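The values are calculated or read from the model by the stated rules, or taken from the named source; none is laboratory data. Treat the numbers as computed from the prediction; the structure is a model and nothing was measured. Cβ placement follows ideal geometry from the backbone for every residue including glycine, while neighbour counts extend to all protein chains displayed. Note: areas computed on protein heavy atoms with side chains; ligands, DNA, RNA excluded. Shrake-Rupley method; radii C 1.70, N 1.55, O 1.52, S 1.80 Å.
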Protein chains: 4
Amino acid sequence: MNLISKTPIVILNFKTYLESTGKNALELAKACEKVAKETGVNIAVAPQPMDLYQLSQEVDIPVMAQHIDPVTAGGHTGSILLECAKEAGATGTLINHSEKRMKLADIDEIVKRSAAEKMISVVCTNNIEISAAVASLGPDFVAVEPPELIGSGIPVSQAEPEVVEGTVAAVQKINPSIKVLCGAGISTGDDMKAALELGSEGVLLASGIILAKSPEKALLDLVSKI
Amino acid sequence: MNLISKTPIVILNFKTYLESTGKNALELAKACEKVAKETGVNIAVAPQPMDLYQLSQEVDIPVMAQHIDPVTAGGHTGSILLECAKEAGATGTLINHSEKRMKLADIDEIVKRSAAEKMISVVCTNNIEISAAVASLGPDFVAVEPPELIGSGIPVSQAEPEVVEGTVAAVQKINPSIKVLCGAGISTGDDMKAALELGSEGVLLASGIILAKSPEKALLDLVSKI
Amino acid sequence: MNLISKTPIVILNFKTYLESTGKNALELAKACEKVAKETGVNIAVAPQPMDLYQLSQEVDIPVMAQHIDPVTAGGHTGSILLECAKEAGATGTLINHSEKRMKLADIDEIVKRSAAEKMISVVCTNNIEISAAVASLGPDFVAVEPPELIGSGIPVSQAEPEVVEGTVAAVQKINPSIKVLCGAGISTGDDMKAALELGSEGVLLASGIILAKSPEKALLDLVSKI
Amino acid sequence: MNLISKTPIVILNFKTYLESTGKNALELAKACEKVAKETGVNIAVAPQPMDLYQLSQEVDIPVMAQHIDPVTAGGHTGSILLECAKEAGATGTLINHSEKRMKLADIDEIVKRSAAEKMISVVCTNNIEISAAVASLGPDFVAVEPPELIGSGIPVSQAEPEVVEGTVAAVQKINPSIKVLCGAGISTGDDMKAALELGSEGVLLASGIILAKSPEKALLDLVSKI
């Protein structure tokens, strides 16, 4: 059921908004599940660490970690252990989100350990060169997000289409089995349609849905033109 | 019921051991609950972030966060938000554990925000001077752990009793309402008894219990001489 | 000659402005030296790491490091070693500047090692509680700078005099031998006069002088009402 | 004269050894200069930040930074600014050394800014995948160092020749203009010869020379079989 890699895919990053914390997180995940079932579009949610277990128990769509720390089992108080994320229900993880940039060696480690544990890896990047670099590490997805557009309301698929197209081309050249997502400023059906037409296989988004008056309606609009 | 500040107290830090992850975490927390009820000693557990919600639902002893990130609600993907920890059931938090050292300004921020949210703050320190420094920030507890003894099996209450006594004296001088805990190498009833006789009001411990053949028996021994 | 602890003292933090880099750094240090000699006021400069050696060779006023990394001799490529700073001519160091916040345990380490090497330690803080905390670590100076006023042009000595007075009182209570400096928004003779009247023994400043049309004139004005 | 990119090249990383601090750093750099002149082999030195200016004044071989911080001019107290490094005499910089791992986005930034300032960029990596990743960022050199061999005395060119060959192949495939160096455990002429035969164009090394009884003799041996 949790065919997280089925595309086109929408990944909703809950970030640390109060609107997507605790009970609100559960309600939002339920809305995602409802829209996914009604429309057949694959929608995954990436809640905060302490909300992940509950959501994975309560909804039947893929639940992902927002981040995994580069630590192994043992003495790492306060860190997020990959094995713990998996057992709590994470079917994949964001890696190197622009709000949680990681060291290159640590990205490599988490991509490899995700693969070993059959968890989907989605590495976030900020430009074409970095996307190409990440492709050499072999993740399942590369999600390119020009940092200046994140949370701006200006969709990357319209403001910087060449970044999406260039990323698709660069990643394909290195490793054709890696899928490209795009993010930053995405919120409407037109944004998503444009993103797919540029060669991406889905979107990574947050505030455009989370802070909408009705996240459910916003999601329905988002996937309406696929 | 969750009178987390009742002393003497035992805080069991689950760290990131596989023996205290997921189902193992739940089993361990149940053992802690059983011993707490049988003996009347206050035992709190500090599980990994993604295990916290489940444990707070399943056991009736205080559940604490291992760490809270110095971020406020909004765009902080991958971080542990205080409000999310509270809603997930955390009644307090460790701060500045030796495996997750924090910047001074961030310790101050989390202590203040914990107080505002009525969560208990336990700031870890590594010597007398730092314990005195932390006392000026006004947490509920200071937990002193000489770093060279952590995980060593050599109990601080016997190897460096002067650190515990000196911390109690230094903290009392700055702010008599702050309670002192001690940790590092603690595992037996004699260790705990010695810790209390030195003026501390409890212990913070991990591997001595978590990695024991029977954590329940180890806990019973730990609190047997109080 | 390098009586860095003589007060009142002005510490000019060169930060990483191009106006205080390389040749500009040398010119600025010469202006500080000139004003110090003309007025008798103790003026110390804290240049960027790679400018420190040259300045310590060329001027006869105290030269301080902006930061020392918490590493010991050995394998720490890219770090700033205390012993190297000292041999390069640093007579003291800023610690925990608001632009380079440090972990509590690391502040403690650098304060102690500075004392052992007879280097003056100036620990930056952001409020009264943190200033009191730092006083327990025993540095030579505590420099309080409300972060919201840094680079604002609004002088702390006028906007938040209670922070300066409160810091002086709190630090004195913990350890009367520690001197208090204040910073943030300081640039004129009136600002400095007010700072001293509030009980501080000097100021820590940067942009108000560095970015002035004539840093020399700005410095002369700064010390004109002492 | 400072044709830093002439190969074969030896880059001597001074790390933070006391044996390569201050006066010792100068003496060591002089030895490198002497051997470079006698043998015609390109030898570059990477001293600690506070020693860089003096060395660039005193020796006529390339002097490199060990690290540059991802900051721009302005308010970044304690950071190492690229423009300051350049003006102090750095003709290039190590990036992402195993002892100073950087975030992927920051590596990209420093590689691009180094190129803009005509400084040579040497990005350190730890395996073939990461080397390939870095090649997409377009630095001048990739220096591969298996972390388990660093400081071990076991030369990478003999213990893990496949890592060197694999890195050369992977980097060439992405961008043939990028040169590969190797490091970890290198200290003798045989090690260096083997490194070149595997396709690398030089070595990055430290303790094998710095801690030798006579660094000059060790250097002479190192380059004796080229």
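For the reader, a short list of remarks on this structure follows.
- Most tightly packed first, judged by the mean number of other beta-carbon atoms within 10 Å of their residues, the peptides A:77-89, D:130-142, B:161-173, A:212-224 read D:130-142, A:77-89, B:161-173, A:212-224.
- Span from the the stretch B:52-94 Cα centroid across to the the stretch A:12-84 one, whole angstrom: 14 Å
- Here D:ASP60 yields copy-to-copy label distances, from shortest upward, of 3.4, 8.0, 8.5 nm, the label point defined as 7 Å from Cα along Cα to C-beta.
- The separation of the stretch A:162-180 from the stretch C:122-138, counted between C-alpha centres, amounts to 51 Å.
- Legend: mean number of C-beta atoms from other chains within 10 angstrom of residue C-beta atoms, peptide B:15-26, equals 5.
- A Cβ-based charge dipole, computed about the Cα centre of the stretch D:71-226 with Lys and Arg at +1 and Asp and Glu at -1, lands at about 300 debye.
- For the stretch B:175-185, 3J(HN,Hα) per residue [Karplus equation, 6.51 cos²θ - 1.76 cosθ + 1.60, θ = phi - 60°, Hz, x = Gly/Pro]: 7, x, 7, 8, 9, 10, 10, 9, x, 4, x
- Here's how it looks for A:GLY202: its modeled amide H is under 5 Å from those of A:ILE9, A:CYS182, which are all 5 or more places away or on a different chain.
- Across the stretch C:1-97, Cα-Cα pairs more than 18 Å apart make up 43 percent of the total.
- By the equivalent-ellipsoid construction on the alpha carbon gyration tensor, the stretch A:179-226 comes out with semi-axes of 18, 11, 7 Å, ordered largest to smallest.
- Per-selection Rg to Rh, chain A - Cα, Kirkwood hydrodynamic radius: 0.94
- For A:LYS173, the aspartates and glutamates whose Cα comes closer than 13 Å to its Cα, not counting residues fewer than 8 places off in the same chain, are A:GLU129, A:GLU165.
- Mean Cα-pair separation over length for the stretch B:9-222, i.e. relative contact order, pairs under 8 Å, 6 or more apart, %: 18 percent
- Above-threshold pairs, the threshold being 29 Å between Cα atoms, out of A:LYS30/B:LYS23; B:LYS15/C:LYS86; C:LYS34/D:LYS15; A:LYS103/D:LYS86: B:LYS15/C:LYS86; C:LYS34/D:LYS15
- What the Cα atoms of the protein assembly as shown give is an Rg and a Dmax of 28.6, 81 Å.
- Beta-bridge orientation, the stretch D:9-222: approximately 0 percent antiparallel, per DSSP, counting only bridges with both partners inside.
- Dividing the summed -39500 (n - 2.57) terms of all DSSP H runs of n ≥ 4 by the residue count of chain B sets its mean residue ellipticity at 222 nm at -12000 deg cm²/dmol.
- Inter-copy label distances at C:SER224, using a point 7 Å along Cα-to-Cβ, come to 6.7, 7.0, 7.9 nm with the shortest given first.
- The accessible surface of the protein assembly as shown, taken with every protein chain in place and a 1.4 Å probe, is 50 percent carbon and sulfur.
- Nearest-first distances (nm) between copies at C:PRO176, label 7 Å from Cα via Cβ: 2.3, 7.8, 8.2
- Rolling a 1.4 angstrom probe over the protein heavy atoms with all chains in place gives chain B an accessible area of 34 Å² per residue.
- Ranking C:TYR53, C:ILE43, C:SER20 by how far each Cα lies toward the positive end of the dipole of the stretch C:1-122 (charges on Cβ) leaves C:ILE43 at the top.
- Sorted on the mean count of surrounding Cβ atoms within 10 Å across their residues, most packed first, peptides B:31-42, A:58-69 read A:58-69, B:31-42.
- Antiparallel DSSP beta bridges within the protein assembly as shown, percent to nearest 5: 5 percent
- Near A:ALA25: Cβ cut-off under 12 Å, other residues only, Lys/Arg at +1 and Asp/Glu at -1. The net charge is -3.
- Nonlocal amide H pairs with A:ILE80, under 5 Å, H built at 1.01 Å: A:ASP69
- Solvent accessible area, Å² - A:TYR17, 1.4 Å probe, full protein context: 40 Å²
- Note on B:60-66: average number of Cβ atoms from other chains within 10 Å of each residue's Cβ is 1.
- Average beta-carbon neighbours from other chains, 10 Å sphere, peptide B:129-138: 6
- Over the stretch B:115-226, the pair-distance histogram of Cα-Cα distances with 10 Å bins from zero comes to 16, 47, 30, 8, 0 percent, rounded to whole numbers.
- Compactness ratio for the stretch A:136-185: Cα radius of gyration over 2.2 N^0.38 Å (N = residue count) comes to 1.15.
- Between chain D and chain C, the total buried accessible area stands at approximately 3200 Å², from heavy atoms with a 1.4 Å probe.
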